[in-house]
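These notes are about the structure you will find just below.
The values are calculated or read from the model by the stated rules, or taken from the named source; none is laboratory data. These figures come from a predicted structure and were not determined experimentally. Cβ sites come from the backbone with ideal geometry, for glycine too, and all protein chains shown count toward neighbours. SASA here: full protein model, heavy atoms, side chains in, ligands and nucleic acids out. Shrake-Rupley method; radii C 1.70, N 1.55, O 1.52, S 1.80 Å.
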Amino acid sequence: MAFNVFITRKIPEDGINLLKKACQKMEINPHDRPLTYDELLKETKGRDAIITMLSDRIDARLMQEATNLKIVANYAVGYDNIDVKAATARGIVVTNTPGVLTDSTADMAWALLFSITRRIVEGDKLTRAGKFTGWAPMMLLGGDLVGKTLGIIGAGRIGTAMAMRSRGWCMKVLYTTQTSRNDVMEEMLGAQRVDLKALLRESDFLSLHTPLSEKTRHLIGATELSQMKQTAYLINTGRGAVIDEEALVCALKNRQIAGAGLDVYEEEPKLKPGLAELDNVVLAPHLGSATVGTRAKMSLMAVENIIAVLNNQRPPNCVNPEALT
């Protein structure tokens, strides 16, 4: 195909090799960093398709200047970095990469849950510093998991996978969702759908999996944190801005909740002042989908979406089907 494609960051070779076979011209951002907005504007002009990252702001101005653009293939499940309404108005297809990263992200949520609850990071630092002098009955006491209550905010694919993994610890599962009831969780786990106040009040572990929207921005703020148990832990592998990070720093400093495990941040990659200095939070650099197999599948999915659109076919993962008509 005589099409011109740009990839805003290097992705696994699986997708790149497939794209090389399918398209006449393909370029990849040569820098090991996100492009600035001005660089992005320059690089997307004249392109028929782009593969974008969550750090790329794809707004109305960019799409207006990229006059040849037919598809924006986001290398992620979420697409809050893209003005989908503006894309649809211009007939530009927006796609994402759902499903393939469900298990790896749910695993990451559990990794954070274990790390903060059992104080793994603190123990690692202590041991490396040569301060481990032997077993002690009161050293780094953490929380229990068995029989506790797991609260899920956003019971989609990843939220469901997170909940299903709780069976090994005989947990009670509560959930909230903006959509219909989750039959799988209710039938297999006996999960109960409750309102947010009840979820905050009753959960020992609260895991966030909701997409970012105007409704969910700062869904967890000072008021909500004050309604959680003092012994509760907050886990976020969804979107950073779902939490008011400044309010979270305050709650953690004051031991209003027991701890938090975060893989995403409100102004990523920046952290709110004081967050990095706290010992009751585990901070990961957005590793939810970061496995070799998952990222390879994501690269293939993004490219397959592009190839379909450039061949005037319906892409497998279209988030704005109105753009296809």
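Worth pointing out:
- Test: residue in the stretch 135-152 that is under 23 Å from the mean Cα position of the chain (by Cα), β-branched (Val, Ile, Thr) and not in a strand (DSSP E or B): no
- Number of the condition not met by residue 305 [criteria: (1) open to solvent by 40 Å² or more (accessible area, probe 1.4 Å); (2) closer than 26 Å to residue 105 by Cβ]: (1)
- Selection of the stretch 189-217 for residues being touching a helix residue (DSSP H, G or I) at 6+ places or on another chain (Cβ under 7 Å) and open to solvent by 70 Å² or more (accessible area, probe 1.4 Å) yields 197, 201, 217.
- Every residue from the stretch 33-81 that is over 22 Å from residue 211 (Cβ atoms) and among the hydroxyl-bearing types (Ser, Thr, Tyr): 36, 37, 44, 67
- For the stretch 61-69, the criterion of being hydroxyl-bearing (Ser, Thr, Tyr) and under 26 Å from residue 194 (Cα atoms) is met by no residue.
- Criterion applied to 166, 213 was being modelled with pLDDT of 95 or more and of a type in the set (S, T, N, Q), and the one residue passing it is 166.
- Inter-residue pairs, beta-carbon under 6 Å, first within 20 Å of residue 45 (Cα to Cα) and in the stretch 1-29, second open to solvent by 50 Å² or more (accessible area, probe 1.4 Å) and of a type in the set (Lys, Arg), 6+ apart: 4/25; 28/10; 29/9
- Test: residue in the stretch 81-95 that is surrounded by fewer than 23 Cβ atoms within 10 Å (Cβ to Cβ), under 18 Å from the mean Cα position of the chain (by Cα) and at pLDDT below 95: no
- Answer from 173, 121 - the residue that is open to solvent by 30 Å² or more (accessible area, probe 1.4 Å), among the β-branched types (Val, Ile, Thr) and modelled with pLDDT of 95 or more: 121
- Per the listing 295, 239, 255, the residue uniquely open to solvent by 20 Å² or more (accessible area, probe 1.4 Å), at positive phi and modelled with pLDDT of 95 or more is 255.
- Leading residue by the ranking (farthest from residue 185 (Cα to Cα)) among those in the stretch 112-134 that are of a type in the set (Gly, Ala, Ser) and assigned to a loop (DSSP other than H, G, I, E, B): 130
- Meets criteria (at pLDDT 95 or above and touching a Pro at 6+ places or on another chain (Cβ under 9 Å)) for residue 280: no
- Residue check, residue 45 at pLDDT 95 or above and surrounded by fewer than 17 Cβ atoms within 10 Å (Cβ to Cβ): yes
- Residues that are touching a helix residue (DSSP H, G or I) at 6+ places or on another chain (Cβ under 8 Å) and surrounded by fewer than 20 Cβ atoms within 10 Å (Cβ to Cβ), drawn from the stretch 65-75: 65, 70
- Subset tally (residues that are within 19 Å of the chain's Cα centre (by Cα) and in a loop (DSSP other than H, G, I, E, B)) for the stretch 251-274: 8
- Taken residue by residue, the stretch 130-153 has no member that is free of Cβ contacts under 8 Å to residues at least 24 places away in the same chain, surrounded by 15 or more Cβ atoms within 10 Å (Cβ to Cβ) and closer than 19 Å to residue 229 by Cα.
- Contacts under 8 angstrom Cβ, first residue in the stretch 172-197 being in contact (Cβ under 8 Å) with a residue 40 or more places away in the chain, partner of a type outside the set (Gly, Ala, Ser), 6 or more apart: 196/153; 196/176; 196/219; 196/224
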